[in-house]
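What follows is a set of notes on a single structure, which appears directly below.
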Amino acid sequence: MMWRDGVVEQLHSTWGGCAMVWVRIEAAPANARVYLPGEKVKALLYTDLFGQAQIGERVRIEVSALARSLGTGGHAMVGARLDQLNDDVEPAGHLVKARYMPNQKLVTSVDEPGTAHHQLLNTELDLAGAAVVVADLHSALPAIIAGARCPLVGEDPSQSPLPKIAYVMSDGAALPLPYSRSVFGLKQAGWLVGSVATGQSWGGDLEAVSLHNGLLAARHVLGADIIVLTQGPGNLGSDTPWGFSGVACADALNAAAVLDGEPIASLRVSEADARARHLGISHHSLTAYSRATLCSALIPVPELDGQFGELVKSQACQLALARKLGQPHRLVSVSCQGLDEALATSPVKLSTMGRGLDQDRASFITAAAAGRAARAHWLKTLES
């Protein structure tokens with residue numbers, strides 16, 4: 001840990017339960033070599049935990065990830081407001097998230113006894129066939145929703161209904177859901193009916209103990225027609241076959257299948273990533289879906305042009321092969337017609353691994369194709 005004390009000099013931005021503030025460092029340990037008194041850093045403050053710091057207020061910040069220049073977790077983080085002791089807030093619930101951390105969060109879960117929906121979730125519920133789109137990266141979320149809102153080829157746009165879409169966040173990356181600018185913007189724009197924070201993650205419109213109850217709450221409490229499930233911001237990988245947080249996509253797909261949903265596996269694809277293991281279909285998708293997922297998932301494959309499109313198609317065929325463990329996956333080819341226009345309507349910035357739509361179109365088109373497949377499934381259920 002690398003702690004510094006400083007003074008808030010400027011408010012940079014706010015969204016949801018977060019604020020970004022400029023802090024002038026005033027004190028550092030005697031052995032500190034970086035981030036010394038007099039320097040300024042931008043620090044993330046969770047207002048849901050600490051309240052809103054004021055200009056001139058002293059704060060304690062943690063800078064180790066910033067010192068490492070990490071993309072994941074690479075912020076200075078406000079750990080305490082030194083001049084302000086907030087009033088007690090009597091906890092309403094009994095569920096502790098981020099358990100045994102100094103800033104553990106006590107919340108009311110949607111499934112705990114004595115709450116409005118406990119009785120509902122205490123019955124033998126299932127997802128009633130609802131599509132659950134699972135993706136490795138949080139950045140896929142707005143693209144998936146754009147695809148789910150886009151009319152199918154041949155569908156009359158003037159007669160196209162819009163599905164109710166909910167977001168379920170797992171706890172493999174960022175634990176505070178309010179950190180996601182995407183979720184904040186998508187909900188503001190009406191693209192999401194709500195969010196559910198599951199496991200150790202917190203800050204959703206609903207909180208759930210498990211991934212399974214999170215999915216059921218999205219379906220039966222939020223009333224979602226389509227559910228999108230990803231980890232929060234902050235994907236982590238160690239350049240080993242199994243050392244990446246997205247391997248948990250398998251657990252999510254298995255949960256959707258166990259609950260009688262339609263598990264849809266969104267492929268992580270890139271045409272711009274310089275790392276060979278992520279060019280075309282990422283090894284993250286190939287490993288999680290072919291080796292760790294036991295259910296039969298629907299895998300949408302976008303109809304991309306040229307040699308790159310052929311590469312993605314050939315890589316995807318590996319996912320349809322018979323497996324030692326688990327049922328064969330089902331590949332479906334998805335037209336990209338209209339998806340570029342749909343992505344252009346996104347109310348939030350499209351960015352993945354620092355690249356935008358112009359730099360890595362295939363990444364977002366592939367995620368949108370998964371959303372389009374979910375839409376096709378949803379429309380089919382309306383007819384039955």
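Every number here is computed from the coordinates shown, using simple stated rules; none is lab data. All figures in this text were calculated on a predicted structure; none of them were measured in a lab. Backbone-built Cβ (ideal geometry, glycine too); neighbour counts: all protein chains shown.
With respect to the chain, whose longest principal axis is taken over its alpha-carbon atoms, helix 306-317 is tilted by about 90°. Using Cβ point charges alone (K and R +1, D and E -1), the dipole size of the chain about the Cα centre works out to roughly 860 debye. Radius of gyration over Kirkwood radius for the chain, both on Cα atoms: the Rg/Rh ratio is 0.99.
Region 24-55 and region 66-106 have their alpha-carbon centroids 15 Å apart. By other beta-carbon atoms within 10 Å, ranking E62, E207 with the fewest at the front produces E62, E207.
Projecting the Cα atoms of S170, V332, A256 onto the charge dipole of region 118-383, computed from C-beta unit charges around the Cα centre, puts S170 farthest toward the positive end.
When the chain is treated as a GNM with alpha-carbon contacts under 10 Å, the residue of V193, V89, V153 showing the greatest mean-square fluctuation is V89. Between the residues A43, V63, N31, the greatest Cα displacement towards the positive end of the dipole of region 3-81, with unit charges on the Cβ of Lys, Arg, Asp and Glu, is found for N31.
For the chain, adding -39500 (n - 2.57) for each run of n ≥ 4 DSSP H residues and dividing by the number of residues yields -7000 deg cm²/dmol at 222 nm.
Rounded to the nearest 5, what % of the DSSP beta bridges within the chain are antiparallel ones? Let's see the in-between values first.
Values: 32 of 61 bridges.
Around 50 percent of the beta bridges assigned by DSSP in the chain are antiparallel ones.
Shape summary of region 239-371, radius of gyration then Dmax from alpha carbon positions: 14.5, 43 Å.
By how many degrees, 0 to 90 and rounded to 10, does the Cα axis of helix 249-258 deviate from the longest principal axis of the chain? The angle comes out near 60 degrees.
Hull volume per residue, based on the alpha-carbon atoms of region 165-262 and their convex hull, is 91 Å³.
Could you order peptides 138-146, 268-276 by the average number of other Cβ atoms within 10 Å of their residues, highest first?
138-146, 268-276
Pairs of Lys residues in the chain, spaced 8 or more positions apart or belonging to different chains, with C-alpha separations under 19 angstrom: 4 in total.
Pairwise alpha-carbon distances in region 39-124 exceed 21 Å for 49% of all pairs. Going from the residue with the fewest nearby Cβ atoms within 10 Å to the one with the most, C150, C18, C317 rank C317, C18, C150. Estimated from the Cβ-Cβ distance and a Förster radius of 35 angstrom, the FRET efficiency linking E341 and L44 is about 0.55. The simple Förster model, with R0 at 51 Å and r as the Cβ-Cβ distance, assigns A32 and Q188 a FRET efficiency of 0.80.
The angle between the Cα long axis of helix 361-383 and the main principal axis of the chain comes to about 60°, on a 0 to 90 degree scale.
Could you tell me whether region 65-114 comes out rounded, prolate or oblate from its Cα gyration tensor? Rule is a ≥ b ≥ c as square roots of the eigenvalues, rounded for a/c under 1.5, then prolate if a/b exceeds b/c, otherwise oblate. Taking the square roots of the gyration eigenvalues as a ≥ b ≥ c, region 65-114 is oblate.
Take the alpha carbon gyration tensor of region 3-81, find the square roots of its eigenvalues, order them as a ≥ b ≥ c, and report rounded if a/c is under 1.5; if not, report prolate when a/b exceeds b/c, else oblate. Cα axes put region 3-81 in the oblate bin. Annotation for T108 and M353: the two label points, set 7 Å from Cα along the Cα-Cβ direction, are 4.3 nm apart. Modelled spin-label separation between D260 and H118, with each label point placed 7 Å from Cα along the Cα-to-Cβ direction: 2.6 nm.
A Gaussian network model of the chain, with springs between Cα atoms under 10 Å, assigns the largest mean-square fluctuation among E124, E39, E57 to E124. Normalising by the residue count of the chain, find the relative contact order in percent from Cα pairs under 8 Å and 6+ residues apart. Result for the chain is 16 percent.
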